[in-house]
Amino acid sequence: MKWEYLVVETTLDSAALGELGAEGWELVAVVSPAHFVLHYFFKRQLRA
């Protein structure tokens, strides 16, 4: 199985998270490298 990855470096609300989920993205981690900064890491199966 092969994966593709997406990193989002802006704050996401529940609607944006829902849209990404509808596109097949799975949230795998949220990291805060600095105060008030969030990075979201997503993966989904690579489409042929």
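What follows is calculated from the coordinates using simple rules that are stated; it is not laboratory data. Keep in mind the model is a prediction, meaning the values are calculated, not measured. Don't worry about glycine lacking a Cβ; one is built from the backbone with ideal geometry, like all the others, and counts go over all protein chains shown.
Using C-alpha pairs under 8 Å with a sequence gap of at least 6, the mean separation divided by the residue count of the chain gives a relative contact order of 52 percent.
Each stretch of four or more DSSP H residues adds -39500 (n - 2.57); spread over every residue of the chain, this sum gives -5500 deg cm²/dmol at 222 nm.
With the gyration tensor restricted to C-alpha atoms of the chain, the semi-axes of the equivalent ellipsoid amount to 21, 13, 6 Å, longest first.
Using Cβ counts within 10 Å as a stand-in for footprinting exposure, how do 41, 36 rank, fewest first? Show your work: numbers first, answer last.
Numbers: 41 15, 36 6.
The most exposed by this proxy come first: 36, 41.
Roughly speaking, what is the stretch gain from residue 31 to residue 43, that is 0.36 nm per residue apart minus the C-alpha to C-alpha distance, in nm to one decimal? Could you put the intermediate results ahead of the total?
Working: separation 12, 0.36 × 12 = 4.32 nm, distance 1.49 nm.
Result: 2.8 nm gained on full extension.
Taking the DSSP beta bridges with both ends in the chain, the antiparallel portion is around 100 percent.
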